[in-house]
Amino acid sequence: QRQMCIRDSFNAFWSTFEKFKATFGTQLYSNVKKNMFYARTRGYESALHSALDKNNIPTEVYTALIENVTGNLDSFHRYLRLKTRMLGVEQLKYSDVYAPVVKDIDLKYTYEEAKELVLDAVKPLGADYCQVIARAFDDRWIDVYPSPCKRAGAYSNGSAYDVHPYILLNYTDQYQDVSTLAHELGHTMQSYYSNKTQPYPTADYSIFVAEVASTFNEALLIHKMLREIKDDDTRLSLLMNYLDGLKGTVFRQTQFAEFELRMHEKAERGEPLTGDALTELYGEILKKYYGHDKGVCHIDDLYTVEWAYIPHFYYDFYVYQYATSFTASTALAEKVLGKEQGAVDKYIEFLSAGGSDYPIDLLKKAGVDMTTAEPFDKTMAAMNRTMDEIEAILSKRGG
């Protein structure tokens, strides 16, 4: 019944976007032409090269991400087949991807419990790191609960250079809120260490590395939870929560990044980007990623207008950084949790570096080379380990 409601919502939602795809196509094409104009005027090879040059990111990092992800779609399809199995449906549909697969699991944690969970999770990073997080709790750096007229969501702001970072939350006692708390504290700790260590001009850090610190903390939290929780249903919920996050951060954002690259390449070849052309291009990529032609996940043609809904396509080659940050943080977390010698000290130095060097070089010093496949390979290994455990639990239960 819930899946039928989701499908009805999908159909109603995307039918409305379908009516205006010509207008959305004109808007997006205008933005692409703007990018092309500035790239040509400033002597760049392409709009991609122009966008990445600010942080001295080689275009090979962007294209290698797409190649690595598309080369590992079998792992993504394995995840989708697990979804199919756990939902008990014959054919997974795109709208089903957002349906919960574990029933009657409602993990609740008070804010006091969340603080203890996070503090315990980050212990591998040392006493100083934990003491600063304790200060964030005790000295009220965090606006915790929803209130009238308060902004939705969550974020960390570290721009008060001479004071301390501030966090906005909307905490409602869900496990996802605990994970969000850990995530935002990762941002806060990077801002704290950078502001403490760097002079003002180099204290701020780039988006390319910003999500490393936040997703690193999430990795520590899920590691702690899975180490301590033995109940199969709860473990399944947490394991699928991790896979859902990986799907949304690595595969979905890379899918967006490929669409962004391909539409710029079409325009740079002189091909017009109409609403119909963008829908066809997005549909080809979407169906490839979700294994539509292999019967893995069925994509209704109506849903291929999804590109019109994504505001990040106006941010000019921005979304790939979510995926690269996730793979970088996974690789760094594997080193810290594996107690690799010097890994913690290198990571704290990375948090303290701000914008004192280019992001690729900062990550190299921390122990992760984003010009190689190592971070992505470690992420795929972690993903497949997670799916191995899910399959073992399902086999044990005979379902």
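The values are calculated or read from the model by the stated rules, or taken from the named source; none is laboratory data. Here the structure is a predicted model, which is why all the values come from computation and not from measurement. Note that we place each Cβ from the backbone using ideal geometry, even for glycine, and neighbour counts take in every protein chain shown. The protein model used for the area step is the full one, side chains on, heavy atoms only, and it has no ligands, DNA or RNA in it. Shrake-Rupley method; radii C 1.70, N 1.55, O 1.52, S 1.80 Å.
Across segment 1-46, the number of residues qualifying as free of Cβ contacts under 8 Å to residues at least 12 places away in the same chain, of a type in the set (Phe, Trp, Tyr) and assigned to a helix (DSSP H, G or I) comes to 2. Selection of segment 162-193 for residues being in a loop (DSSP other than H, G, I, E, B) and open to solvent by 60 Å² or more (accessible area, probe 1.4 Å) yields Asp162, Val163, Thr172.
One line per residue, one yes/no per condition, for (1) of a type in the set (Gly, Ala, Ser); (2) open to solvent by 20 Å² or more (accessible area, probe 1.4 Å); (3) in contact with a helix residue (DSSP H, G or I) (Cβ under 8 Å, 6 or more places away or on another chain):
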residue: Leu243; (1), (2), (3): no, no, yes
residue: Lys247; (1), (2), (3): no, no, yes
residue: Ala257; (1), (2), (3): yes, no, yes
residue: His264; (1), (2), (3): no, no, yes
residue: Glu268; (1), (2), (3): no, yes, yes
residue: Pro272; (1), (2), (3): no, yes, yes
residue: Ile310; (1), (2), (3): no, no, yes
residue: Phe313; (1), (2), (3): no, no, yes
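Give the residues of segment 28-48 that are in contact with a helix residue (DSSP H, G or I) (Cβ under 8 Å, 6 or more places away or on another chain) and either under 21 Å from Ala308 (Cα atoms) or open to solvent by less than 60 Å² (accessible area, probe 1.4 Å) (or both), sorted by residue number. Within segment 28-48, Leu28, Tyr29, Asn31, Val32, Lys33, Asn35, Met36, Ala39, Ser46, Ala47, Leu48 meet the criteria. Val118 fulfils the conditions (1) surrounded by fewer than 13 Cβ atoms within 10 Å (Cβ to Cβ); (2) at pLDDT 95 or above except for a single criterion, (1).
Here's a check for you: in segment 360-396, which residue that is in a helix (DSSP H, G or I) and among the polar types (S, T, N, Q) is least open to solvent (accessible area, probe 1.4 Å)?
In this case the residue turns out to be Thr379.
Every condition in (1) without any contact (Cβ under 8 Å) to a residue 12 or more places away in the chain; (2) more than 26 Å from Leu239 (Cα to Cα) holds for Asp106 except the one numbered (2).
Going by the structure shown, is Arg78 touching a residue at least 40 places away in the same chain (Cβ under 8 Å) and basic (Lys, Arg)? Considered against the rule, which asks whether it is touching a residue at least 40 places away in the same chain (Cβ under 8 Å) and basic (Lys, Arg), Arg78 comes out as yes. Pairing each residue of segment 182-199 that is over 21 Å from Asp143 (Cα atoms) with any residue that is among the polar types (S, T, N, Q) and open to solvent by 20 Å² or more (accessible area, probe 1.4 Å), provided the two are 6+ apart or on different chains, yields C-beta distances under 8 Å for Gln198/Ser356.
The residue pairs whose first member lies in segment 365-377 and is without any contact (Cβ under 8 Å) to a residue 40 or more places away in the chain, whose second member is open to solvent by 70 Å² or more (accessible area, probe 1.4 Å), and whose beta carbons are closer than 8 Å, counting only pairs six or more residues apart or on different chains, are Lys365/Lys346; Lys365/Glu349; Ala366/Lys346; Ala366/Glu349; Gly367/Glu340; Gly367/Lys346.
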